[in-house]
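Read the structure below first, then the notes.
Bear in mind that the values in this text are calculations on the coordinates, not laboratory data. Everything numeric here is computed off the predicted structure, so don't read it as measured data. Note that each Cβ is placed from the backbone with ideal geometry, even for glycine, and that neighbours are counted across all protein chains shown.
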Amino acid sequence: MTMGAPCIFGKTAYENLSIKPLPGRLNIVCSRSYKIEKNGDVLHAPSLEEGIKQCGNVDRVFVCGGAVLYNYSLEKDLIDVMYVTQIYLFDETLKKQIASNKKTNTYFPYNFDNLKWTKYAVPFDENLLPKENPNVKAFFYKYVRQR
Ligand SMILES: NC(=O)c1ccc[n+]([C@@H]2O[C@H](COP(=O)([O-])OP(=O)(O)OC[C@H]3O[C@@H](n4cnc5c(N)ncnc54)[C@H](OP(=O)(O)O)[C@@H]3O)[C@@H](O)[C@H]2O)c1
């Protein structure tokens, strides 16, 4: 979905990418405190607004998280469309394991104002889901900001 479009990350999200920079996309890393080494496909921005400017004249820019950057972009009303994967666990043991995992400490700002957004269900290929646990279901939604 993001292929070819500029992708803006918070510093922590970028550092946690298993492949970085994401190929085929201009990667922009937001940080007020450090400058990442500049190379052709990675730029540093001291703010999200500055990062958006660095994208130049493009149709769309993806804000790719993490939570700090998602929260900021929603608070500043900079987002027109959100693509959200919701994963439902119908397995109580798995739910408890995840709840007790101390590494689970970052959350999408699910308390955004629903009334400002129109939600659409987007069909997707169920074969992409892991087969080993049929009690894990995922749904993919597109939210469009009402202006
Ligand atoms: N499931 C998903 O879709 C998804 C997507 C992305 C990330 N993640 C996960 O989320 C976690 C990271 O999220 P996080 O909330 O901890 O951190 P984050 O938002 O990725 O990064 C936070 C850091 O980015 C910089 N930053 C954020 N907003 C900024 C702004 N408006 N202007 C300038 N700099 C800004 C700051 O760096 P400085 O302190 O250097 O100024 C801040 O400390 C990781 O575990 C990652 O794997 C999940």
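Cα convex hull of segment 1-77: mean projected area in nm², to one decimal?
5.0 nm²
Give the Cα extents of the chain along the principal axes, in whole Å, largest first.
On the principal axes, the chain reaches 45, 35, 27 Å in Cα extent.
Under the rule of -39500 (n - 2.57) per DSSP H run of 4 or more residues, summed and divided by the residues of the chain, what mean residue ellipticity at 222 nm is obtained, to the nearest 500 deg cm²/dmol?
Numbers: 4 runs with 29 residues, N = 147.
So the helix-based figure for the chain works out to -5000 deg cm²/dmol.
In nm, what is the difference between 0.36 nm times the number of residues separating Gln86 and Ser47 and their Cα-Cα distance?
Contour length minus the Cα-Cα distance gives 11.2 nm.
For segment 80-147: lysine pairs with Cα atoms under 20 Å, gap of 8 or more or different chains, count?
Count of close lysine pairs: 7.
Once the Cβ-Cβ distance between Thr104 and Asp77 is put in as r, and R0 is 35 Å, what FRET efficiency do you end up with, to the nearest 0.05?
Once the sixth-power term is evaluated, E becomes 0.80.
State, as an integer percentage, the relative contact order of segment 1-77 based on alpha-carbon contacts under 8 Å between residues 6 or more apart.
Once normalised by length, the contact order is 36 percent.
Which whole-number percentage describes the relative contact order of the chain, with Cα contacts under 8 Å and a sequence gap of 6 or more?
Computed over the chain, the figure is 22 percent.
If you take every DSSP beta bridge whose two residues both sit in segment 1-142, what share of them, in percent to the nearest 5, is antiparallel? Don't skip to the end; give the middle numbers.
Values: 11 of 21 bridges.
In segment 1-142, DSSP labels about 50 percent of beta bridges as antiparallel.
In segment 1-77, what is the count of Lys pairs whose alpha carbons are under 21 Å apart, counting only pairs at least 8 residues apart or on separate chains?
Here the count comes out as 10.
Return a whole-number percent for the relative contact order of segment 80-147, with Cα pairs under 8 Å and 6 or more residues apart as the contact set.
58 percent
In Å³ and rounded to a whole number, note down the convex hull volume per residue for the Cα atoms of segment 80-147.
114 Å³
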